[in-house]
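A.B. asks: Shown below is the structure under consideration.
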Amino acid sequence: MGKSKKFFVKKRKGFKSVDKKRKKLSKETEFTNKKAIFNRYKNKQKVEEELAKKKLLEQKFQQKHFSESEEDEDTLSQLVSCFSNPSKNDHIVDSDQSSESIKNDVSDSENDSLKNEIDDIAHSNISNQLDESTRNDPILMNNEECDLEPDEEIVDDPFTKHFQYDLSDELMVSLSNAISTVDNVTKVWPILGNLVISLPKPVEISSKIVRPKFSILEEKTYAPEGTVPHYINHVDFNSLFIKSQIHGNIVSANKTNLIKCDLDLTDIFTPLQKELFAIINNYQDMYYPERTFSNADEIRYTYCLHVVNHVLKTRTKILHHNAKLSKKFDMSDEYRDQGLVRPKVLIMVPFKDAAYRVVKTLIDILVPKEAGQVVNKNRFEDDFTGGELLMPTKNPKPEDYELLFSGNTEDTFRLGMTLTKKTLKLYTDFYSSDILIASPLGLRMIVGAEGEEDRDYDFLASIEILIMDQADVFLMQNWDHLLHVLDHFHLQPKKTHDTDFSRVRSWAVNGWAKYYRQTLIFSSVSLPEIKSVMNRKCQNYAGKVFITNPIAIGSIQQVLLQVPQLFHRFNATSPLASVDGRFDYFTKEILPKQRDTLMSHTLIYVPSYFDFVRIRNYFKKEDIGFVQICEYSKDAKIARARDMFFHTEAHFLLYSERVHFFRRFRIKGIRHIIFYQPPTYPHFYSEMCNLMQESNQNKYGGSECNMTVTTLHCKYDAQRMAAVLGAARFARIAASDKSVHMYVTGE
């Protein structure tokens, strides 16, 4: 009998140890369940209701289990009693009760415990796990803390709305059609003026398709349709969803950026910056053709702030998910937060000096003085400064030329950058970079051409923000380089580049990245070539915003000479047909009259180099006396051509627009000008006409009465002509039945 009693005492001790282990396991399971419910519902009230329902089911299960085991031995009843907690009152409620009654039945102590645990999940627990998860993260290899925010605060963030969800089938069909269904909305804002907002709309579902009322599958959330941007009356960092990490740097960085400008910064942003950021922060494409040297710093600061904000949000989300995944092994779609490769932002600028200004602005926003570290800063200063052009003092260049070509004007460069909490790393490898800054030529050399062995364009596969600043200068450099690079965006990578495909967003895997990319284009002139890029290469599902303001005063108003100016209109059925139509009209209608001896000293201004070569070959074939100056001409030949033209040894001077853009020669001896096409920059028209003043003439070359300006145009040159004549004056020309119109300027 003693042996039996000793046996049962040992048995009870075993039950107690099992009881302790099960209690510990129960607490861990309860905490994990609460954490999972919190992550799913992201609302404390819903968390409480869900936990109450879960507790109800557990209590019913325990009640049933206890009732079946009442007839068992006392030892088993002691084991079952280990699961009860005398300090808490059990509440068994009917399953038909409302969620409100269930909520009321939850004890106050459980509510307090839940609140504390939720706060721990949102703040303390994740930051405690951060160092370990960051060290193990192949994407972010740093041990810095991250300012994580509760999920409920970022539900309405435009970043989350734009990148979190897949596109619906109806919207995908609309976007993939050659002619998509769009709604055009027009707005008028105080500074930007006329906004034309194009919003893609999903196709209508056939009425024959009947969706089931009930399904065991969860209803999927799709990406929202694009919305009209809201005008910002008052700048509030939280309502604009700007990361708290950079709140303290925004005002000081903006003042540093605009210190040379007389602008009022009492409202954090300038009026132009507020309106630009309202559009940019809505993750919509934008074409702004009114960039000037006076507002360039405002524009640069606005898109740099957007870039930093975007990269920091992406980094925070990845670290947040790393912390949660370090404690669990199941992967779900909510943890898909990356692209096929790491680079997220590409900023394209024409010169090294422009890139230098962009990087300096990023540093001021992210890591101002003594607030962080910039790796390889000295190397960057050496590479991107110096090399300035020497401006002549005797015959100074125009002001816009000196401003454009100030600083380092090298156009072959590329730079990778990585952002962390308090560090900006320069010269990082492309596939470990967050931001890329490059020129079109610099990228073109990497992308290469088909058939080349050493070429790479995988780093363009997951670009989420593309910024093209000074896009008009790209047209002067080589437009084909830009188009070639744009054709290699979002292609399937040839290598994996250590990508964790379980974390890649589903829309990136599906090849839909081009529909999520935001493109921002800033230009000083409105050109059909740039607008064509927006229409053909940019397919953002959130929509596009075009700033379209009519030009009230054309550059013809700046012509100082009293000289007749003729505008010849020819017919063309398409932009491609206009090339041949322009050449035929020039050779048959214009050139025969200009070959007369009285029309000597004629300069032919040709914007396109292809047209320049075509005219040059025609002149050689017809044995017409001429000299030429283009961007490929050597200095000795340029000097000889200018001398021959001034001394009437050559009847014609072929002059390309690109050489005028890069060299800005003051050609002397001009008495007649033929604009083969309206110039790309409207101020070039008045600048060339004003070279005909008396001080630049050869007194033996002709009389002052014998001077003319002739311009060829068709309907596809409407934007260029409006910039030259003014919108109202060109509208009258376009509506007229006459093909030739003449204006006389001067006193």
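A.B. asks: Could you check the spin-label model distance between Val173 and Arg455? Points 7 Å from the Cα along Cα→Cβ, value in nm.
C.D. replies: 3.7 nm
A.B. asks: I would also like to ask the following. Restricting the calculation to Cα positions, tell me the Rg (one decimal) and the Dmax (whole number) of region 325-404 in Å.
C.D. replies: Final numbers for Rg and Dmax: 21.1, 74 Å.
A.B. asks: Please calculate how many Å² of accessible area region 645-747 carries per residue, with a 1.4 Å probe and no DNA, RNA or ligand atoms counted.
C.D. replies: On a per-residue basis, 40 Å².
A.B. asks: I've got another one for you. For region 708-737 and region 291-323, what is the separation of their Cα centres, given in Å?
C.D. replies: Taking the Cα centre of each part, region 708-737 and region 291-323 sit 40 Å apart.
A.B. asks: When all protein chains stay in place, what accessible area (Å², nearest 10, 1.4 Å probe) is found for Asp169?
C.D. replies: Per-residue accessible area (Asp169): approximately 100 Å².
A.B. asks: I would also like to ask the following. Hey, can you grab everything whose amide H is under 5 Å from the amide H of Phe351? Only 5+ residues off in sequence or another chain; H modelled, so Pro and N-termini drop out.
C.D. replies: The answer is none.
A.B. asks: Report Tyr231's accessible area, 1.4 Å probe, all protein chains in place, as a number in Å² to the nearest 10.
C.D. replies: Taking all protein chains as shown, Tyr231 has close to 90 Å².
A.B. asks: Now for a different question. Rounded to a whole number, what % of the accessible area of region 285-410 do carbon and sulfur atoms account for, probe 1.4 Å? Could you put the intermediate results ahead of the total?
C.D. replies: On the way: 2450 of 5100 Å².
Carbon and sulfur atoms account for 48 percent of the accessible area of region 285-410.
A.B. asks: Once amide H atoms are placed 1.01 Å from N in the peptide plane, what residues at a sequence separation of 5 or more from Thr711, or on another chain, have their amide H within under 5 Å of its amide H?
C.D. replies: Long-range HN contacts for Thr711: Leu566, Phe567, His568, Phe675.
A.B. asks: Sticking with this one: Could you sort Leu276, Leu561 by their accessible area in this structure, using a 1.4 Å probe and putting the largest first? If you can, show how the numbers build up before the last one.
C.D. replies: Details: Leu276 0, Leu561 40 Å².
Highest to lowest solvent-accessible surface, that is Leu561, Leu276.
A.B. asks: Hey, what's region 498-613 come to in accessible area per residue, 1.4 Å probe, Å²? Write down the numbers at each step before the final one.
C.D. replies: On the way: 5060 Å² over 116 residues.
On a per-residue basis, 44 Å².
A.B. asks: Set the bar at 31 Å for Cα to Cα. Now go through Lys161/Lys369; Lys201/Lys738; Lys161/Lys425 and name every pair that lies beyond it.
C.D. replies: Where the Cα-Cα span goes over 31 Å, the pairs concerned are Lys161/Lys369; Lys201/Lys738.
A.B. asks: Using a 1.4 Å probe, what is the accessible area per residue for region 300-374, in Å²? Intermediate results must be reported in sequence, preceding the final value.
C.D. replies: Working: 2280 Å² over 75 residues.
Result: 30 Å² of accessible area for each residue.
A.B. asks: So how exposed is Leu560, as accessible area in Å² (1.4 Å probe, rounded to 10)?
C.D. replies: Per-residue accessible area (Leu560): approximately 130 Å².
A.B. asks: Whenever you get a sec, compute what percent of the accessible area on region 634-747 sits on carbon and sulfur atoms (1.4 Å probe).
C.D. replies: Details: 2660 of 5040 Å².
Exposed carbon and sulfur together represent 53 percent of the surface.
A.B. asks: A 28 angstrom limit on the alpha carbon distance is what I want to check against. Which of Lys593/Lys621; Lys634/Lys668; Lys324/Lys544; Lys344/Lys531 exceed it? Could you put the intermediate results ahead of the total?
C.D. replies: Numbers: Lys593/Lys621 18 Å; Lys634/Lys668 19 Å; Lys324/Lys544 36 Å; Lys344/Lys531 24 Å.
With Cα atoms farther than 28 Å apart: Lys324/Lys544.
A.B. asks: While we're on this one: At a 1.4 Å probe, what is the % contribution of carbon and sulfur to the accessible area of region 525-596?
C.D. replies: Of the solvent-accessible surface of region 525-596, carbon and sulfur hold 53 percent.
The values are calculated or read from the model by the stated rules, or taken from the named source; none is laboratory data. All of these numbers come straight from a predicted model, not from anything done at the bench. Don't worry about glycine lacking a Cβ; one is built from the backbone with ideal geometry, like all the others, and counts go over all protein chains shown. Side chains included, ligands, DNA and RNA excluded: accessible areas come from the protein's heavy atoms. Shrake-Rupley method; radii C 1.70, N 1.55, O 1.52, S 1.80 Å.
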